[in-house]
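Scroll down for the structure; my scribbles are underneath it.
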Amino acid sequence: MAQHIMLTADRPTGKLHIGHYIGSLKSRVELQNNGEYQNFVMIADMQALTDNARNPEKIQNSLLQVALDYLAVGLDPNKSTIFVQSQIPALNELTMYYLDLVTLSRLERNPTVKTEIQQKQFGESVPAGFLIYPVSQTADITAFKADTVPVGDDQEPMMEQAREIVRAFNNTYQCSVLVEPQGYFPPKGQGRLPGLDGNAKMSKSLNNAIYLADSADELHRKVMQMYTDPHHIHVNDPGQVEGNTVFEYLDVFDPDQKHVAELKAQYQHGGLGDVTVKKYLEEVLDAVLAPIRNRRAEYAKDLGEVARMLQKGSAKANITANQTLEEVRAAVGVNYF
Ligand code: ATP
Ligand code: MG
């Protein structure tokens, strides 16, 4: 019997990238295979609609792509319940009960949501559904009584908000129905992979990502255009490794950190060209990505099978979510009949 329950999700707004891999996918596969966790992995299509309501095709088209990325990194439908958020009606009802326990000003203070509102240039027109997505995320987590949520650093404010709601619910209704979740973060310094452009976060929406599905040629092109040190013009100039995306990726992806230290020393001293380091990074990344890319291509041959996998997973997830909903209804006192 598993001692812990894990839940995570991704928004189907495009294919998944190496930031997702480092921030969350890698931990999920480890937890899936260590035997102590019951795993739930959700494709958050309703959350994606909160800022894409007028572009539902994007979500539809991304659904199976995200599922393929899951299978490619080694998530196994026999060990992890992989499902689709919109197919689990209980989540919406839970969200409604939780919304009564959160204030508008608390939602507006959430730093991740604040940053995203700026990035998405909503101005005064923030969709209400977008503002409350941390509450719906709390419904996703608590419906499965997950205690462990493998996520990147940007999600810490969501975990805090979820814990607050859980405490408020259990206190208000004098029960212990809901479980407080903890984020499960990557090792220090790896929680938020920067984008190719040096932007603080690689993100599907910012168009600065290396995708798990990228071909070897695309990988080459993207690595060659990566942001480095703009003042490192001639090979012999001393270069900066801090804030230099190429070195930040080597820190995260190269198993040979001794070699990375040597390269850094040489770069800082002068005499190591950007193209040379980039070629090396390309090799390091390809060693990680080639097996993922190949597995992905295999699964992509039968998309019908991938869709059936999601359908089965969603049926299974409904059973658990409905059980929690019954307990929540009883706690709130709306189980009249
Ligand atoms: P969108 O732009 O649509 O929000 P996204 O690229 O931010 O997409 P999400 O689906 O929001 O991706 O995030 C899914 C998971 O991946 C979350 O746990 C998030 O913390 C993690 N994640 C996303 N981007 C990164 C990154 N650059 N580094 C580390 N983890 C990341
Ligand atoms: Mg995001």
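The values are calculated or read from the model by the stated rules, or taken from the named source; none is laboratory data. Small disclaimer: the values here were computed from a predicted structure and weren't measured. Methodologically, a virtual Cβ is constructed for each residue, glycine included, from the backbone with ideal geometry; neighbour enumeration extends over all protein chains shown. Note: areas computed on protein heavy atoms with side chains; ligands, DNA, RNA excluded. Shrake-Rupley method; radii C 1.70, N 1.55, O 1.52, S 1.80 Å.
A simple packing score, the average count of other Cβ atoms within 10 Å per residue, orders the peptides 62-70, 277-285 as 62-70, 277-285, with the highest score first. The smallest convex shape that holds all Cα atoms of the chain, its convex hull, gives 147 Å³ per residue. Gyration tensor over the Cα atoms of region 174-296: the corresponding equivalent ellipsoid has semi-axes (square roots of 5 times the eigenvalues, largest first) of 31, 19, 14 Å. Cα extents for region 261-337 along the principal axes, largest to smallest and rounded to whole angstrom: 78, 36, 14.
Annotation for K312 and D100: the two label points, set 7 Å from Cα along the Cα-Cβ direction, are 3.9 nm apart. Peptides 194-205, 261-272, 117-128, 299-310 ranked from most to least packed by the mean count of surrounding Cβ atoms within 10 Å: 194-205, 261-272, 299-310, 117-128. Whole-Hz Karplus values for region 190-206 come out as 10, x, 8, 6, x, x, 4, 8, x, 4, 4, 9, 5, 8, 4, 6, 9 Hz, taken residue by residue from phi with 6.51 cos²θ - 1.76 cosθ + 1.60 and θ = phi - 60°; glycine and proline positions read x. Give the long-range amide H neighbours of G271: residues separated by 5 or more places, or on another chain, with amide H under 5 Å away, using H modelled in the peptide plane at 1.01 Å from N. Correct list: N236, D237.
For region 22-170, the fraction of 1.4 Å probe accessible surface lying on carbon and sulfur atoms is 49 percent.
Seen from Y133, the other residues with C-beta closer than 11 Å to its C-beta sum to a net charge of -2, counting Lys and Arg as +1 and Asp and Glu as -1.
Under 25 Å of direct C-alpha separation, and excluding same-chain neighbours fewer than eight residues apart, K188 reaches these lysines: K26, K114, K201, K204, K258, K264, K278. Surface exposure of the chain, expressed per residue as accessible area with a 1.4 Å probe, stands at 47 Å². Using a 1.4 Å probe over the heavy atoms of the protein chains, calculate the carbon and sulfur portion of the accessible area of region 247-337 as a whole percent. Answer for region 247-337: carbon and sulfur cover 55 percent of the accessible area.
The angle between the Cα long axis of helix 274-299 and the main principal axis of the chain comes to about 40°, on a 0 to 90 degree scale.
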